[in-house]
Amino acid sequence: MNSGSAPSSVAGTPEMLNGDSGRSKSHYHELLQRLRRDRLTTAGAAILAVVVIMAIFAPLIAPYSPLAQDPLHLFADPSRQHLLGTDDLGRDILSRIIWGSRASLYVGFVSVSIALLLGVSLGLIAGFYGRWLDTIIARGLDIVFAFPTILLALGIVGMLGPSLTNAMIAIGIVYTPVYARLTRAMTLAAKRREYVDAAIVMGARDARVLRRHILPNVTAPLIVQTSLSLSLAILTEASLSFLGLGAQPPDPSWGSMVNTGQRLIELSPWQAVFPGMAIALTVLGFNLVGDGLRDALDPRMRN
Amino acid sequence: MIRYAARRLLQVVFVLFGVSIVVFLMLRLIPGDVVDLILGSEGTASPQQLAELRKLFGLDQPLYTQYLSWLGSLLQGDLGNSIRTGRPILPDLLDRLPLTVQLTSLAMFFSIIVAIPLGVMSSVMRNSKFDGVLRVGGLLGLSIPNFWIATMLILLVSRYGNGIFPTSGYVPLGRDPVASYKSLFLPALALAAPNVAILMRMTRSSMLEVLRHEYVVTARSKGLRNSAVILRHVLRNALIPVVTIAGVQVGYLLGGAIVIEQVFALPGVGTLILNGISHRDYPMVQAGTLLVAALFVMVNLVVDLLYSFLDPRIRYE
């Protein structure tokens, strides 16, 4: 990330924070400090750390196998043996939540990566080359924006067939336009800068201009957007799984756990209660960090 | 105004055209084609019979011919027939539409009456404890999945509610308006929750933006009471950007309604789409998606036109 080649200017000037010049060490130091001072952001980061650790070390942390059924303890209330109770098949809810974090994070990261890659490329092309390419891309984005996100995701998964992979593809497509529009706007603004003209006059190839001079201007808003997109992607995955269009049984996924729990809520509420809390906390973590990043990267946005 | 409206209308026609292409192509995503689907389990048809069936459905034609004939019947109000029931899709869809519209508008109503007062109070009492609680509450509202809120509402009401509100099923508006709104009360509440958070945050930041303006200082210095300044001068201007996103919010609500209808067993458009998916009734899914997207586009058009009517600055952008 540290380009090193750019001259380091005084840390904390607004131009720098908008990603105008290269990032010096002091810039990141300052940014980190500012983030750490904000208690809510720290709380968000802590939540995310816990979820990530849960996902990575699931086999070590989970007290039971997520698939192990215990026919003698169906719908058990929380107890010392099963901290969050058991589900309709006698499976340990806590273990399933711990394993379920993998599906949520995995889908979140992969689908946002798809959206980021597609969206940023489209946005750069549209903003940099302009003319008919821009018109085509911008009109295309208008069309995708005409669909409520969950509806489009449903439609795509419905046609491709319900599975976690197809859910990832659908969510990735659905969140592409946000990145494209953001990148396009930032590219248009950056293109007017003199140093871009200078680079072009000096004979730099398009790819180099885009990578060295345009992209760095776009990164700050992209980072903020990514944090918020991750929260939305995880929520969308949860909705799809809740509707039976994401992870397929018996794989543990928070959304589908709530679904089963909701249908059997008369028998025991826990299977619906706890996975929902896991979704909310994880999404809250991404939202808190996203808010904190936005405030730290763009002080003018702070109220 | 008329020029703006005409330009906006043209844009909408273009977007709807694009939407129809996307929805048409959606059907190409399914593995195989409609003929495989109908014959699916039987598998006794000879290659010749398959080819003839494809010809019957026009599947031997180039894609754009297929699209044009599909669009042609679409414009005549023919959305095709359900694979499952064999009946025309449009009447079924229109049957379900009132519920979805009623649910969405009730949720919008809830969002507005809760979010705007809270946002105003939060901005006026900026950085107070109350503001802090609302800010965290707003972030929580953005983070809690609506289907989980719905589930928790069902749990609470069925345990402690003594049946004040039904937790499933729908009473049509025409049959009994009071019972109808009662049957949608909990679903609309669950649907509105994330929206309240978004609107409240928007109102708060928009209020803070306006509070900085000089005319607010002027209004205060000429001796106006604080409540008059806030309500007459600040709120009116602060609501402009809030209203702009109202159209987009309808999109969230329409999308969310699909999920919420499922939880409360409401026979709306969303349930129809989801049943279509689980029965592999793809034309139904296609038609439902088209209808909801078109509705969303039209609502946005109306909001934009109303808005430009209220705020002349928009027209000259």
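Can you find a residue in segment B:57-79 that is within 14 Å of chain A (Cβ to nearest Cβ) and more than 30 Å from residue A:264 (Cβ to Cβ)?
For segment B:57-79, residues within 14 Å of chain A (Cβ to nearest Cβ) and more than 30 Å from residue A:264 (Cβ to Cβ): absent.
Tell me the residue from A:215, A:210 that is farther than 28 Å from residue A:286 by Cβ and open to solvent by 10 Å² or more (accessible area, probe 1.4 Å), please. Let's see the steps before the verdict.
On the way: A:215 fails: farther than 28 Å from residue A:286 by Cβ.
On inspection, the qualifying residue turns out to be A:210.
Checking residue B:55 against (1) open to solvent by less than 50 Å² (accessible area, probe 1.4 Å); (2) over 26 Å from residue B:241 (Cα atoms); (3) in a helix (DSSP H, G or I), only one condition comes out false. Which one?
(1)
Does segment A:295-302 include one or more residues that are more than 11 Å from chain B (Cβ to nearest Cβ) and surrounded by 23 or more Cβ atoms within 10 Å (Cβ to Cβ)?
yes
Scanning segment A:158-182 for residues that are assigned to a helix (DSSP H, G or I) and more than 19 Å from the chain's Cα centre (by Cα), which turns out farthest from the other protein chains (Cβ to nearest Cβ)? Let's see the steps before the verdict.
Taking segment A:158-182 first, the residues assigned to a helix (DSSP H, G or I) are A:158-160, A:164-174, A:176-182.
Filter once more, so that each one left must be more than 19 Å from the chain's Cα centre (by Cα): A:158-160.
Values: A:158: 4, A:159: 4, A:160: 5 Å.
Result: A:160.
From (1) in the same structural domain as residue B:254 (by TED's automatic domain parsing); (2) polar (S, T, N, Q); (3) open to solvent by 60 Å² or more (accessible area, probe 1.4 Å), pick out the condition that doesn't hold for residue B:85.
Condition not satisfied by residue B:85: (1).
Read through the list (1) within 27 Å of residue B:277 (Cα to Cα); (2) of a type in the set (Ser, Thr, Tyr); (3) modelled with pLDDT under 90; (4) open to solvent by less than 60 Å² (accessible area, probe 1.4 Å), then give the number of the only condition that residue B:104 fails.
Against the list (1) within 27 Å of residue B:277 (Cα to Cα); (2) of a type in the set (Ser, Thr, Tyr); (3) modelled with pLDDT under 90; (4) open to solvent by less than 60 Å² (accessible area, probe 1.4 Å), residue B:104 comes up short only on (3).
Tell me yes or no: at least one residue of segment B:145-162 is away from chain A (no Cβ under 12 Å), touching a helix residue (DSSP H, G or I) at 6+ places or on another chain (Cβ under 9 Å), open to solvent by 50 Å² or more (accessible area, probe 1.4 Å) and over 21 Å from residue B:254 (Cβ atoms).
no
Are there helices (runs of 4 or more DSSP H) fully within segment B:205-314 with at least 2 residues that are under 17 Å from the mean Cα position of the chain (by Cα)? List them. Lay out the reasoning, then the answer.
On the way: elements: B:214-221, B:236-244, B:246-263, B:269-278, B:282-310.
Hits in segment B:205-314: B:236-244, B:246-263, B:269-278, B:282-310.
Given (1) buried (at least 23 other Cβ atoms within 10 Å of the Cβ); (2) away from chain A (no Cβ under 14 Å), identify the lone condition not met by residue B:219.
Single failed check for residue B:219: (1).
So, residue B:235, is that one open to solvent by less than 20 Å² (accessible area, probe 1.4 Å) and touching a helix residue (DSSP H, G or I) at 6+ places or on another chain (Cβ under 8 Å) or not? Give the derivation first.
Working: open to solvent by less than 20 Å² (accessible area, probe 1.4 Å): no; touching a helix residue (DSSP H, G or I) at 6+ places or on another chain (Cβ under 8 Å): yes.
Against the criterion (open to solvent by less than 20 Å² (accessible area, probe 1.4 Å) and touching a helix residue (DSSP H, G or I) at 6+ places or on another chain (Cβ under 8 Å)), residue B:235 does not qualify.
Counting just the residues of segment B:252-272 that are aliphatic (A, V, I, L, M) and more than 7 Å from every other protein chain (Cβ to nearest Cβ), which one comes out surrounded by the fewest Cβ atoms within 10 Å (Cβ to Cβ)? So that I can check it myself, show each step before the final result.
First pass over segment B:252-272, keeping only residues aliphatic (A, V, I, L, M): B:253-254, B:257-260, B:263, B:265-266, B:269, B:272.
Next, only the ones that are more than 7 Å from every other protein chain (Cβ to nearest Cβ) stay: B:253, B:257, B:260, B:265-266, B:269, B:272.
Details: B:253: 27, B:257: 29, B:260: 29, B:265: 12, B:266: 22, B:269: 29, B:272: 25.
In this case the residue turns out to be B:265.
Where the second residue is assigned to a loop (DSSP other than H, G, I, E, B) and the first is open to solvent by 10 Å² or more (accessible area, probe 1.4 Å) and lies in segment A:145-158, which pairs have Cβ atoms under 9 Å and are six or more apart or on separate chains?
Once the first residue is open to solvent by 10 Å² or more (accessible area, probe 1.4 Å) and sits in segment A:145-158, its partners that are assigned to a loop (DSSP other than H, G, I, E, B) give A:149/A:175.
Run residue A:255 past the list (1) within 9 Å of another protein chain (Cβ to nearest Cβ); (2) under 20 Å from the mean Cα position of the chain (by Cα); (3) not in a helix (DSSP H, G or I) and report the number of the one that doesn't hold.
(3) is the only condition that residue A:255 fails.
The values are calculated or read from the model by the stated rules, or taken from the named source; none is laboratory data. Predicted, not measured: the structure shown is a model, and the values here were computed from it. Quick reminder, even Gly has a Cβ in these numbers, built from the backbone with ideal geometry, and neighbours come from all protein chains shown. Accessible surface is based on the protein model in full, side chains and every heavy atom, while ligands, DNA and RNA are left aside. Shrake-Rupley method; radii C 1.70, N 1.55, O 1.52, S 1.80 Å.
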